[in-house]
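The values are calculated or read from the model by the stated rules, or taken from the named source; none is laboratory data. Remember, predicted model here, so these are calculated numbers, not experimental data. Reconstructed Cβ throughout: ideal geometry from the backbone, glycine too, with neighbour counts over all protein chains shown.
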Amino acid sequence: MQITLDKFGRILIPKKLRERLDLKPDDVLEVQLEDGKLTLLPQRTPPPLRRKGRVLVVESGATANLGQALNHLREERLDELSR
């Protein structure tokens with residue numbers, strides 16, 4: 001696969017690769033140069049912790065599709081009721 005550098009020195013990572021690597025806007029990539037090869041490495045940071053009372057809790061966004069989860073639960077409930 002080939003990509004082109006624009007006049008400002010930027011590259012566009014193709015959508016299929018961004019999706020495969022789960023890259024999102026504002027993700028940080030480390031750039032390495034070794035033996036004439038340029039490598040981009042996604043920098044995954046752990047979800048932030050915050051204190052809730054005396055307990056640390058993870059603050060993160062939803063990791064699943066809420067609509068799909070609700071539909072699945074609704075179907076399970078309807079199956080139970082129809083028995």
Exercise for the section: From (1) modelled with pLDDT under 85; (2) touching a Pro at 6+ places or on another chain (Cβ under 8 Å); (3) not basic (K, R), pick out the condition that doesn't hold for T63. Expected result: (2)
Exercise for the section: Report the residue count in segment 31-83 for those that are of a type in the set (K, R) and on the phi > 0 side of the Ramachandran plot. Expected result: 0
Problem - Pairs where the first residue, in segment 37-65, is farther than 19 Å from R18 by Cα and the second is at pLDDT below 80 and among the hydroxyl-bearing types (S, T, Y), C-beta under 7 Å, 6+ apart - result: P47/S60
